[in-house]
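The values are calculated or read from the model by the stated rules, or taken from the named source; none is laboratory data. The model shown is predicted, which means the values in this text are computed figures rather than measured ones. When we count neighbours, we look across all protein chains shown, and the Cβ atoms used for this are built from the backbone with ideal geometry, even at glycine.
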Amino acid sequence: MLFKEICIIFDKIERTTKRLEKMDYFIELIKLTKEKGSPNDLKNICYITIGRVFAEYENKELGIGPNLLIEAIKTIGINEKKLLNSIKETGDIGIALEKLSSDVKQVSLFQTPLMLDDVYVTLKKISEIEGANSQKKKIRYISNLLLKASPIERRYLVRLILEDMRIGMSVPTILSAFSLYFNIPKEKLEKIYAVVNDIGLIAEKLMLNADINKDEDLKLRIFRPIKPMLAQLIPSIGDAIVEMGTPQFETKYDGARVQIHKKDKNVKIYSRKLEDITNSIPEIVDEVKNMGVDNIIVEGECVAIDLKTGHPRPFQDILRRFRRKYDIDKIKEEINLRVYLFDILYYNESLIDLSLKERRKILENIIGINDWEIDKTKIENEIKSKKKIDISYKLTTNDLEKAMDFYKWSLSIGHEGVMIKNPNAPYTPGSRVRTMYKFKPTLESLDVVITRAKIGMGKRKDWYGSFEIAVKDEEGNLYPIGHVGSGLTEEELDKLTEILKSIKINEIDGEAIVEPKIVLEVSYEEIQKSDKYECGYALRFPRVVRIREDKSVDDINTVDDVKRIFAIQKGKH
Ligand code: AMP
């Protein structure tokens, strides 16, 4: 398929803000592929549409920053100053390059047009380049693509290289288009998507007329991580009891979520962002290998336990462990980890449609029982032990007083609060449904993404010191909700500045616009109604609690979360 034909439809999608029209144009793309392409082409078109080269579950990025891209653009005859000015004017590197296309060096008149395959295969190749001279090689590949391309193709090529297509087309809209065109209920497609986490695969199967209810590739599969089920906020424990009857309470551990897959004695562990962190936590891997059961996917919270007190160590310690690539044996001694398993999703077959009660039983048969009411003494004795894998502490009750006791006890051992789960609910990957709540003592902190950054003043003049932070809507559109400058150490500011420089897209009035990649957890005094921001709310006195390297822009809080917290704050919900 000609890449240009696809770009022309992307342009139509980009020009409308109406979701239904975007869907219609995407259907044009499906029809075009039916006519001129293959199921594999639609697969690649889907990845490109959402600004990716790899499937979502793969958690792999192309990793080309704006600086390298600009170097590549320079090689095709574009003057850097002119380019930077044009970016400033248009606010977008894609449009900027498209506009300057008459400056591009001429290539042979007999140049063949760019095909979708050329683009896709080249980008994959770029992602594999490593070692000496890798930057140079990447630049060469990119400039070859850019030389071959027409102006409109250049717009989308550079955006794709930065993995930000800016056409306002997200996975839910693609699923809606599939639903309409292939006449399949959207809910069904959403459910499959949550399990496979791969929009391209769904596209390919639909084009192949596969039976999506039975197709093995579309089922939960070991070593293909799924998006975790997410929790909602609830104003009080009492509310949860009213809503759920007899919920299952669990300690909400202060750690990082892990998804553990095991098959034929092979083990892989994924972070919440679905990164493969297997190599960084070998002691947990060994323990899983010895678990005596095979063919499983389990989920839990990985906590750095201070063995003297039994309390969790700072969250940063876990991230230090997850990030570490060398000297792992040394840091292993320093930072002791324990995983509290709280769910099982697969055991020889998918278990996600079973109720939590049934899943918990299966997990208890494998790991053991930590029933707070009965096993409290055992639990307290084991807290300082070297146990590497345990099951989460649970209490199933409809008695508010008991639940409060459990909550206070969970805080007393240094954790964050309690999770409140509906024992009759299935596991719903990737969605925030009302079957799992979290309850913490303070107003919920928010996970936000940095969208702009300003250089600080005085002592902070060498760093970015003030950040515009944003939440998102269901479609993934970002909405600024405030500016944060406090709460970061000098070391953190240094690190952030370095990363921000590498993801800077543009600069307006001394403020850098950056790719939305850095997630911060922020606390605040309260949420206020505000006309200043489009979403209608603003954070009062926000403060950075920590940099959430374990989260991506997909994990940040939504405008709806903000509304809910605002309501809780006002005492209504
Ligand atoms: P949050 O990240 O604030 O949305 O809170 C939900 C997170 O709490 C989950 O993603 C887990 O990482 C974490 N968590 C800690 N303990 C538990 C537990 N017992 N059950 C489920 N999630 C837990």
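Summary of values
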item	result
Scope the range 212-229; condition over 30 Å from residue 408 (Cα atoms), of a type in the set (A, V, I, L, M, F, W, C) and within 16 Å of the ligand (Cβ to nearest atom); matching residues	226
Subset of the range 307-320 [of a type in the set (D, E, K, R) and either over 24 Å from residue 544 (Cβ atoms) or at pLDDT 95 or above (or both)]	308
Residue ID - surrounded by the fewest Cβ atoms within 10 Å (Cβ to Cβ), chosen from residues in the range 100-116 that are at pLDDT below 95 and part of a helix (DSSP H, G or I)	102
Which listed residue, of 167, 95, 202, 142, is farther than 29 Å from residue 505 by Cβ, of a type in the set (Val, Ile, Thr) and buried (at least 17 other Cβ atoms within 10 Å of the Cβ)	202
Tally of residues being part of a loop (DSSP other than H, G, I, E, B) and either crowded, with 16+ Cβ neighbours inside 10 Å or not assigned by TED's automatic domain parsing to the domain that holds residue 253 (or both) across the range 356-404	6
Condition met for residue 340 (away from the ligand (no atom under 13 Å from the Cβ), crowded, with 17+ Cβ neighbours inside 10 Å, closer than 30 Å to residue 218 by Cα and more than 21 Å from the chain's Cα centre (by Cα))	no
Residue 399, sole failed condition from (1) farther than 22 Å from residue 254 by Cβ; (2) within 33 Å of the chain's Cα centre (by Cα)	(2)
Cross-chain or 6+ apart pairs with Cβ under 7 Å, the range 326-345 first and modelled with pLDDT under 95, then within 16 Å of the ligand (Cβ to nearest atom) and not aromatic (Phe, Trp, Tyr)	331/321
Which listed residue, of 125, 82, is in contact with a helix residue (DSSP H, G or I) (Cβ under 7 Å, 6 or more places away or on another chain), in a helix (DSSP H, G or I) and either at negative phi or surrounded by 17 or more Cβ atoms within 10 Å (Cβ to Cβ) (or both)	125
Pick from the range 484-519, criterion acidic (Asp, Glu) and assigned to a strand (DSSP E or B), ranking: surrounded by the fewest Cβ atoms within 10 Å (Cβ to Cβ)	507
Given (1) in a helix (DSSP H, G or I); (2) free of Cβ contacts under 8 Å to residues at least 12 places away in the same chain; (3) of a type in the set (Asp, Glu), index of the condition residue 153 fails	(2)
Checking residue 563 against (1) touching a residue at least 40 places away in the same chain (Cβ under 8 Å); (2) surrounded by 14 or more Cβ atoms within 10 Å (Cβ to Cβ); (3) among the charged types (D, E, K, R), the condition it does not meet	(1)
Answer from 518, 450, 527, 556 - the residue that is closer than 28 Å to residue 23 by Cα and hydrophobic (A, V, I, L, M, F, W, C)	556
Selected residue [within 16 Å of the ligand (Cβ to nearest atom), within 22 Å of the chain's Cα centre (by Cα) and surrounded by fewer than 20 Cβ atoms within 10 Å (Cβ to Cβ)] from 259, 232	232
Residue count, the range 262-282 (criterion: more than 16 Å from the ligand (Cβ to nearest atom) and either surrounded by fewer than 17 Cβ atoms within 10 Å (Cβ to Cβ) or modelled with pLDDT under 95 (or both))	7
Condition met for residue 353 (within 16 Å of the ligand (Cβ to nearest atom), outside any helix (DSSP H, G or I) and within 28 Å of residue 195 (Cα to Cα))	no
Qualifying residues in the range 437-466 (those that are modelled with pLDDT of 90 or more and basic (Lys, Arg)) - the one nearest to the ligand (Cβ to nearest atom)	438
Any hit, the range 235-247, residues being within 26 Å of residue 296 (Cα to Cα) and within 14 Å of the ligand (Cβ to nearest atom)	yes
Residues within the range 414-428 that are within 18 Å of residue 256 (Cβ to Cβ) and more than 12 Å from the ligand (Cβ to nearest atom), tallied	1
Only listed residue being closer than 18 Å to residue 514 by Cα and surrounded by 21 or more Cβ atoms within 10 Å (Cβ to Cβ), chosen from 481, 420	481
Total residues in the range 276-321, condition out of contact with any Pro (no Cβ under 9 Å at 6 or more places or on another chain), part of a loop (DSSP other than H, G, I, E, B) and farther than 20 Å from residue 363 by Cα	9
Residue match in the range 288-305 (condition: in contact (Cβ under 8 Å) with a residue 12 or more places away in the chain, away from the ligand (no atom under 16 Å from the Cβ), basic (Lys, Arg) and surrounded by fewer than 17 Cβ atoms within 10 Å (Cβ to Cβ))	yes
The range 523-560, residues that are touching a Leu at 6+ places or on another chain (Cβ under 7 Å) and within 13 Å of the ligand (Cβ to nearest atom)	548, 550, 557
